[in-house]
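Participant: So that we are looking at the same thing, I have put the structure below in structure tokens.
The values are calculated or read from the model by the stated rules, or taken from the named source; none is laboratory data. Keep in mind it's a predicted model, so treat the numbers as computed, not measured. Note that each Cβ is placed from the backbone with ideal geometry, even for glycine, and that neighbours are counted across all protein chains shown. Note: areas computed on protein heavy atoms with side chains; ligands, DNA, RNA excluded. Shrake-Rupley method; radii C 1.70, N 1.55, O 1.52, S 1.80 Å.
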Amino acid sequence: MSLASANALPDHRACERARLSRDPRFDGLFFTAVRSTGIYCRPVCPAPAPKRENVDYYPSAAAAEAAGFRPCLRCRPELAPGQGTWRRGDEAVARALKLIDQGFLAAHPVADLAARMHLGERQLRRLFVERLGAAPIGVHGTRRLLFAKQLLTETALPVTEVALAAGFASLRRFNAAFLDAYRMAPRDLRRDAREDAPPAADRERPLTLKLGYRPPYDLAAMLDFLRGRALPGVEAVDAGSYARVVGTADAPGWLRVSAWPGGRDGPTHALKLELHGVPPVRLADTVHRVRRMFDLDADPDAISTALCADPRLRPLLRKRPGLRLPSGWDGFEIAVRAVIGQQVSVAAARTLAARLAQRHGHAVALAGPQGLSHLFPAPAALAEEGLEGLGLTAARAATVRRVAAALLDGRVDFRPDRTLDEFAAAWTALPGIGPWTAHYLALRALGHPDAFPAEDLVLQKALPGDGSRLSPQPLRSRAEAWRPWRAYAVIHLWRDAMASAASARNPR
């Protein structure tokens with residue numbers, strides 16, 4: 001293992017302690033490779049711990065595979081959450097990883113990825129090796145094969161569909177890549193995992209996938225946030241799950257997210273994703289969206305360490321250490337709802353958005369959760385609509401149409417490779433979109449960890465916590481110390497304000 005790779009790892013002693021204690025907080029932050037077996041594992045692997053002299057540590061699964069190790073069939077490295085810090089914020093590696101997660105390198109060369117980062121190809125490769133221990137194309141290849149491994153293990157999809165879902169243009173290329181990396185054919189892995197995969201007769205049932213995260217994770221708070229904003233007909237949120245319509249008018253489907261039930265070995269740090277009607281070619285994108293929406297790649301320890309230095313935030317983080325960023329399914333949907341929600345309550349904005357979805361969205365018939373009936377309208381459906389009779393002001397209706405048109409002609413977008421400042425500048429150039437809306441979109445549509453809507457009235461009152469109110473500039477100045485995790489501070493302060501308001505309404 002090179003010195004550059006070692007520099008991307010947690011402290012060697014911390015890795016050793018985490019491996020021996022199977023500490024789930026380190027899951028995905030490093031991988032353990034055993035020279036005597038040629039296998040690499042997650043730090044939470046339940047297998048007997050190998051001897052220290054046989055162990056190497058790698059900062060990513062791609063680095064371990066580049067060194068010739070194969071993934072463990074027991075702890076299944078494909079279930080590890082993403083690399084946390086390196087997938088977040090405005091660092092070039094973080095932005096490039098977001099594009100790789102969306103399959104950018106399946107259709108573009110590494111030179112195009114480097115150009116998007118405004119870097120030379122050699123410089124981008126050097127940064128990846130320093131941070132992750134592997135080049136961009138290696139990260140991309142490992143990502144595809146590990147996703148295929150998960151589908152082979154957990155579903156009854158035919159191998160041909162697994163290859164398509166993992167981004168391979170042909171079954172022959174998939175079989176060759178899988179055999180070369182894992183020294184077994186895809187069908188042989190499925191035979192080894194047959195007890196975990198559903199029988200072929202159950203293929204009409206929803207696909208079920210396990211999505212790992214690093215604890216702690218406050219699913220109840222996440223569902224509570226989404227429940228208060230759920231659009232009837234488009235989404236359904238109950239005490240234990242979130243469901244929504246996905247897909248297109250020609251091929252609608254649905255998904256449900258809930259907690260993964262604990263097993264005989266103790267708690268499982270994962271969510272359960274059920275998918276119905278999602279074609280193989282859309283599976284990777286769907287999983288990527290859900291992981292972003294539920295903030296499954298966050299590193300709670302890093303966030304807490306940065307924010308706990310502030311005396312106002314410290315008790316909030318201790319009270320709810322598992323609070324995450326509640327992102328949204330679709331950028332345009334979040335944008336429309338943000339415009340509608342300007343200067344009105346959450347409940348009022350939800351009512352108006354629901355009317356818009358029912359009138360202009362596409363009605364679907366699904367054999368899924370009760371009440372799911374509409375796809376949210378696409379930009380083309382609203383760019384020229386009058387939007388009369390919904391209760392929107394003329395100015396709000398005009399801004400909704402303007403946002404739809406700007407997305408269609410490319411003036412604004414939700415590209416994950418843009419920096420926060422670039423994203424905000426593009427959106428605030430549109431009439432009717434101010435800094436609050438731009439940063440709210442960065443938080444809810446992109447899941448950007450440093451988004452900070454300083455113009456938010458609730459935030460301005462919540463930070464002092466004494467009944468006073470800070471104006472935007474002093475609020476920004478106070479929040480400088482929270483970078484690059486300001487969005488998490490926002491969520492904690494919003495949550496605290498909601499709890500205080502509820503307590504005032506219902507005093508004991």
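Participant: So for region 135-151 (the condition being β-branched (Val, Ile, Thr), farther than 30 Å from residue 206 by Cα and assigned to a helix (DSSP H, G or I)), does at least one residue qualify?
Facilitator: yes
Participant: What helices (runs of 4 or more DSSP H) lie completely within region 156-196 and have 3 or more residues being modelled with pLDDT under 95 and not small (Gly, Ala, Ser)?
Facilitator: 186-192
Participant: Just checking, does region 257-280 include any residue being outside any loop (DSSP other than H, G, I, E, B), small (Gly, Ala, Ser) and under 27 Å from residue 377 (Cβ atoms)? Steps first, please.
Facilitator: Narrowing region 257-280 to residues outside any loop (DSSP other than H, G, I, E, B): 257-259, 263, 266, 270-276, 280.
If we keep only those that are small (Gly, Ala, Ser) as well, we get 258-259, 263, 266, 270.
Pick out the ones that are also under 27 Å from residue 377 (Cβ atoms) and you get none.
Looking for residues that are outside any loop (DSSP other than H, G, I, E, B), small (Gly, Ala, Ser) and under 27 Å from residue 377 (Cβ atoms), one finds none in region 257-280, hence no.
Participant: Within region 404-419, how many residues are at pLDDT below 95 and within 18 Å of residue 328 (Cβ to Cβ)?
Facilitator: Residues flagged as at pLDDT below 95 and within 18 Å of residue 328 (Cβ to Cβ) within region 404-419 amount to 3.
Participant: Considering each of 280, 369, 379 in turn, give the residue that is modelled with pLDDT under 95 and within 22 Å of residue 251 (Cα to Cα).
Facilitator: 369
Participant: While we're looking at this one, here's another question. Say whether the condition of being over 25 Å from residue 99 (Cβ atoms) and surrounded by fewer than 16 Cβ atoms within 10 Å (Cβ to Cβ) is met by at least one residue in region 398-416.
Facilitator: Yes, there is a match, as at least one residue in region 398-416 is over 25 Å from residue 99 (Cβ atoms) and surrounded by fewer than 16 Cβ atoms within 10 Å (Cβ to Cβ).
Participant: Checking the structure you have, find out if any residue of region 130-151 is surrounded by fewer than 20 Cβ atoms within 10 Å (Cβ to Cβ), free of Cβ contacts under 8 Å to residues at least 24 places away in the same chain and among the acidic types (Asp, Glu).
Facilitator: No, region 130-151 contains no residue that is surrounded by fewer than 20 Cβ atoms within 10 Å (Cβ to Cβ), free of Cβ contacts under 8 Å to residues at least 24 places away in the same chain and among the acidic types (Asp, Glu).
Participant: Scanning region 464-488 for residues that are basic (Lys, Arg) and open to solvent by 40 Å² or more (accessible area, probe 1.4 Å), which turns out nearest to residue 307 (Cα to Cα)?
Facilitator: 483
Participant: Could you please find all residues in region 426-448 being aliphatic (A, V, I, L, M), open to solvent by less than 60 Å² (accessible area, probe 1.4 Å) and out of contact with any helix residue (DSSP H, G or I) (no Cβ under 8 Å at 6 or more places or on another chain)?
Facilitator: Answer for region 426-448, where residues must be aliphatic (A, V, I, L, M), open to solvent by less than 60 Å² (accessible area, probe 1.4 Å) and out of contact with any helix residue (DSSP H, G or I) (no Cβ under 8 Å at 6 or more places or on another chain): just 426.
Participant: Kindly establish whether residue 428 is of a type in the set (Ser, Thr, Tyr) and closer than 21 Å to residue 353 by Cβ.
Facilitator: no
Participant: Hey, another quick one. Identify, by number, the condition in (1) open to solvent by 10 Å² or more (accessible area, probe 1.4 Å); (2) outside any helix (DSSP H, G or I); (3) out of contact with any Pro (no Cβ under 6 Å at 6 or more places or on another chain); (4) under 30 Å from residue 415 (Cα atoms) that residue 451 doesn't meet.
Facilitator: The one condition residue 451 does not meet is (1).
Participant: Of the conditions (1) of a type in the set (S, T, N, Q); (2) closer than 20 Å to residue 229 by Cα; (3) modelled with pLDDT of 95 or more, residue 399 satisfies every one except a single condition; which number is it?
Facilitator: (2)
Participant: Restricting attention to region 304-344, which residues are open to solvent by 50 Å² or more (accessible area, probe 1.4 Å) and small (Gly, Ala, Ser)?
Facilitator: 309
Participant: Please tell me if residue 252 is touching an Asp or Glu at 6+ places or on another chain (Cβ under 7 Å) and in contact (Cβ under 8 Å) with a residue 60 or more places away in the chain.
Facilitator: no
Participant: How many residues are among the charged types (D, E, K, R) and assigned to a helix (DSSP H, G or I) when one looks only at region 286-324?
Facilitator: 7
Participant: If you don't mind, another one. If a residue counts only when it is at pLDDT 95 or above and of a type in the set (A, V, I, L, M, F, W, C), which strands (runs of 3 or more DSSP E) contained entirely in region 1-71 have at least 3 such residues?
Facilitator: 31-34
Participant: Could you list all residues from region 22-37 that are free of Cβ contacts under 8 Å to residues at least 24 places away in the same chain and open to solvent by 80 Å² or more (accessible area, probe 1.4 Å)?
Facilitator: 35, 36 - these are the residues of region 22-37 that are free of Cβ contacts under 8 Å to residues at least 24 places away in the same chain and open to solvent by 80 Å² or more (accessible area, probe 1.4 Å).
Participant: Ok, one more. If a residue must be open to solvent by less than 20 Å² (accessible area, probe 1.4 Å) and either within 14 Å of residue 142 (Cα to Cα) or part of a loop (DSSP other than H, G, I, E, B) (or both), how many such residues does region 90-102 contain?
Facilitator: Qualifying residue count, region 90-102: 2.
Residues are listed down the side, and each one gets a yes or a no for (1) open to solvent by 20 Å² or more (accessible area, probe 1.4 Å); (2) touching a Leu at 6+ places or on another chain (Cβ under 8 Å):
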{"position": "108", "(1), (2)": "yes, no"}
{"position": "112", "(1), (2)": "yes, no"}
{"position": "118", "(1), (2)": "yes, no"}
{"position": "153", "(1), (2)": "no, yes"}
{"position": "160", "(1), (2)": "yes, yes"}
{"position": "164", "(1), (2)": "yes, no"}
{"position": "167", "(1), (2)": "yes, no"}
{"position": "173", "(1), (2)": "yes, no"}
{"position": "178", "(1), (2)": "no, yes"}
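Participant: Could I ask something else about it? If I filter region 43-51 for residues that are out of contact with any helix residue (DSSP H, G or I) (no Cβ under 7 Å at 6 or more places or on another chain), among the hydrophobic types (A, V, I, L, M, F, W, C) and open to solvent by less than 20 Å² (accessible area, probe 1.4 Å), do I get at least one hit?
Facilitator: yes
Participant: Scan region 429-447 for residues that are within 20 Å of residue 477 (Cβ to Cβ) and either part of a loop (DSSP other than H, G, I, E, B) or free of Cβ contacts under 8 Å to residues at least 12 places away in the same chain (or both) and jot them down.
Facilitator: Matches in region 429-447: 434 only.
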